[in-house]
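This report refers to the structure that appears directly beneath it.
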Amino acid sequence: MTAVLLEGVDLTGKTTLARALAGEHGHVVHSGPPSGPAIAEYIKPMLDYDPRHDTIILDRGHVGELVWPQIFDRESDFTPSQFAYMELFMMSRGTTYVLCQRDFTDLSAALQDSDEPIDERQAYDANDAFIETLTEMCASPVITYNFGRGQVEDQMDGIASVAEASAEFVSPIFNITPRYVGSPRPRALLVGEQCNGDDGLAWNGLPFVPMPGTSGEFMLDELVDADAWENIGLVNALDLDGKPEAIRDLWNLLGRPAVVALGKKAEKVLKKQGVPHGAAPHPSYVKRFKRGEGRFYLATLIAFAAATTTLEGAAYANDRS
């Protein structure tokens with residue numbers, strides 16, 4: 001099925017397109033400025049999404065949280081590590097991004113006749129900011145939709161086809177686990193231990209959610225600082241019930257990337273399943289006891305993994321297949 005995120009300034013046809021893409025059986029979620037932790041509000045509608053049989057259309061989402069604070073001169077609730085995590089999460093769900101636009105003459109006229117809280121200059125600046133954010137900071141491909149140039153149906157079929165292909169590409173991951181976050185073809189797979197839920201939020205077992213003060217935030221901060229976050233995958237070795245995830249199956253499906261065990265529990269599961277890997281302390285240990293060594297911790301770790309396990313892992317897998 002499909003997951004689509006629609007972004008763009010007001011009066012560019014997002015809601016009309018959302019309803020058309022959702023059809024009779026899809027679910028449309030409209031988001032405004034977050035009233036709580038932004039990452040929690042933007043992940044929550046997608047927590048139960050399954051690309052094998054669900055359709056969800058997001059009318060606005062996390063990308064706007066980097067745009068609208070610029071326009072309305074307010075602070076964004078997003079940290080760089082939280083935005084990176086949202087991108088990894090969306091990639092693992094096969095989400096298709098659509099930038100909704102409109103000829104500026106038509107948009108100006110529509111704004112003058114509306115009660116929207118932006119003027120022409122703000123709309124122009126916001127449109128530029130959306131283009132910059134989507135093309136330079138987001139990890140997923142972006143389709144442009146032009147409201148007013150032809151009927152909705154003329155462009156909807158193309159968007160739907162791309163979205164269906166994206167969802168189909170990640171669907172096999174959900175046959176193994178719905179708790180994987182990251183690129184469908186990562187260069188490195190970072191395997192944590194188990195979601196502990198200490199922050200009181202129901203994350204359904206997602207790994208390393210970068211809430212303030214957590215090991216996930218510490219780890220993602222390092223990855224973002226080193227510009228090394230787009231090509232990773234994140235998973236825990238154990239599910240919420242303490243049962244091992246099928247990491248070996250996931251590793252094979254993801255293209256046998258370099259693997260790093262973060263912590264002893266993760267290393268134990270990987271050894272038992274015969275997954276070649278490097279090993280490093282869990283980021284919570286580094287954060288607590290060796291914070292001074294945290295700079296480039298994960299970037300160095302990924303480089304080590306790529307150098308020491310990729311070829312060995314491919315040969316090992318071939319020997320056992």
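Before moving on, here are some points about what is shown:
- Inspection of segment 150-161 identifies no residue that is within 18 Å of Gln70 (Cα to Cα) and of a type outside the set (A, V, I, L, M, F, W, C).
- Residue match in segment 66-84 (condition: within 23 Å of Asp157 (Cα to Cα), in contact with a Phe, Trp or Tyr (Cβ under 7 Å, 6 or more places away or on another chain), buried (at least 22 other Cβ atoms within 10 Å of the Cβ) and in the same structural domain as Thr133 (by TED's automatic domain parsing)): no
- Scanning segment 151-186 for residues that are surrounded by 19 or more Cβ atoms within 10 Å (Cβ to Cβ), in contact with a helix residue (DSSP H, G or I) (Cβ under 7 Å, 6 or more places away or on another chain) and over 20 Å from Asn204 (Cα atoms) yields a single hit, Ile159.
- Of the residues Val162, Val181, the single one that is β-branched (Val, Ile, Thr) and within 15 Å of the chain's Cα centre (by Cα) is Val181.
- Top-ranked residue of segment 186-200 - restricted to ones that are touching a Pro at 6+ places or on another chain (Cβ under 8 Å) and more than 18 Å from Val286 (Cβ to Cβ), ranked as modelled with the lowest pLDDT: Cys195
- Near pairs, Cβ below 8 angstrom, 6+ apart or cross-chain, from segment 132-145 (more than 11 Å from Leu6 (Cβ to Cβ)) to any residue that is assigned to a loop (DSSP other than H, G, I, E, B) and small (Gly, Ala, Ser): Ala139/Ser183
- Test for Asp128: is it at negative phi and modelled with pLDDT under 90: no
- In segment 16-50, the residues that are acidic (Asp, Glu) and in contact (Cβ under 8 Å) with a residue 12 or more places away in the chain: Asp48, Asp50
- Annotation: Leu107 fulfils all but one of (1) buried (at least 20 other Cβ atoms within 10 Å of the Cβ); (2) modelled with pLDDT of 90 or more; the unmet one is (2).
- All of Ile131, Ile143, Ile118 fail the test of being surrounded by 13 or more Cβ atoms within 10 Å (Cβ to Cβ), in a helix (DSSP H, G or I) and assigned by TED's automatic domain parsing to the domain that holds Asp10, apart from Ile131.
The values are calculated or read from the model by the stated rules, or taken from the named source; none is laboratory data. The model shown is predicted, which means the values in this text are computed figures rather than measured ones. No Cβ is skipped: glycine too gets one built from the backbone with ideal geometry, and neighbour counts run over all protein chains shown.
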